[in-house]
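For reference, the structure discussed in these notes is given below.
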Amino acid sequence: MIETSPKQIQGEWSSGYALDFHTISSEYLGNDEYGNPQYETNRSDMGEMLYRLKYKSDRSVLRIIVDTAAKFLSNQDWHLDLIIPAPPSRMRKFQPVINVAKGIAKSLGIKQCTDCVVKIKETPQLKDIYGFHERVELLKNAYAVVEREVEGRNILLFDDLYRSGATLNSITQALKNKGRAQEVYTLTLTMTRSIK
């Protein structure tokens, strides 16, 4: 388990947190021989674990991430019935968000549903869209939910990184309006230092 510094995140959900910032600092070092900017990045402990899992395929950190998130959640008064991972924006052989959600569900003894929320509208990669309102417009009616799985339930919506909240807000609206979920809570492993 690692130390975190949880940050409350605001949105359409009842309550939500990011366990820590993703990066602590990032210093521009100059451009490489191809003209690409290079940075020295210092990550939080959770940011480093997520980076290793997501970009280095280091599955040895999965248990540390799951244990840390589960401990945090066990101290919340949320009475969760179900955890739903945010649908991945990119297909990978190993899906970090889904695998962490499965581990949290098992640790807390609650159900996990990967297919309860499905993206039904194609959108560009949101990391390339910087305007919050533009993101919100792109995500309007982008998600469908399986009503019989979510109706009347207290749901944890889980993702790896909180940047602007546009994706989580869109999914939360679908869960509440289309799925008639009782309560929706959110948890992300990390958040960007500047909200965009």
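This table checks each residue for (1) in contact (Cβ under 8 Å) with a residue 24 or more places away in the chain; (2) open to solvent by less than 20 Å² (accessible area, probe 1.4 Å); (3) more than 17 Å from the chain's Cα centre (by Cα).
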site: TYR55; (1), (2), (3): no, no, no
site: SER60; (1), (2), (3): no, no, yes
site: THR68; (1), (2), (3): yes, yes, no
site: LEU73; (1), (2), (3): yes, yes, no
site: HIS79; (1), (2), (3): yes, no, yes
site: ALA101; (1), (2), (3): yes, yes, no
site: ILE104; (1), (2), (3): yes, yes, no
site: LEU108; (1), (2), (3): yes, no, yes
site: LYS111; (1), (2), (3): yes, no, yes
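Could you tell me whether GLY35 is small (Gly, Ala, Ser) and modelled with pLDDT under 90? Against the criterion (small (Gly, Ala, Ser) and modelled with pLDDT under 90), GLY35 qualifies. Hey, any hits in region 33-46 for a residue that's in a strand (DSSP E or B) and of a type in the set (A, V, I, L, M)? Checking region 33-46: not a single residue is in a strand (DSSP E or B) and of a type in the set (A, V, I, L, M). Contact annotation: residue pairs with Cβ atoms under 8 Å, 6 or more positions apart or on different chains, pairing a residue in region 27-47 that is under 30 Å from ARG63 (Cα atoms) with a partner that is β-branched (Val, Ile, Thr) and open to solvent by 70 Å² or more (accessible area, probe 1.4 Å), are ASN42/ILE24; ARG43/ILE24; SER44/ILE24; GLY47/ILE24.
Of all the residues in region 83-122, those that are modelled with pLDDT of 90 or more, assigned to a strand (DSSP E or B) and within 15 Å of ASP159 (Cβ to Cβ) number 4. The one condition from (1) of a type outside the set (Ser, Thr, Tyr); (2) at negative phi; (3) open to solvent by 20 Å² or more (accessible area, probe 1.4 Å) that ILE9 does not meet is (3). Residue count for region 52-84 satisfying the condition of being farther than 25 Å from CYS116 by Cα and touching a strand residue (DSSP E or B) at 6+ places or on another chain (Cβ under 6 Å): 0.
The values are calculated or read from the model by the stated rules, or taken from the named source; none is laboratory data. Computed from a prediction, not measured in an experiment: that's the story for all the values here. FYI the Cβ positions are ideal-geometry reconstructions off the backbone, even for glycines, and counts take in every protein chain you see. Accessible surface areas use protein heavy atoms only, side chains included; no ligands, DNA or RNA. Shrake-Rupley method; radii C 1.70, N 1.55, O 1.52, S 1.80 Å.
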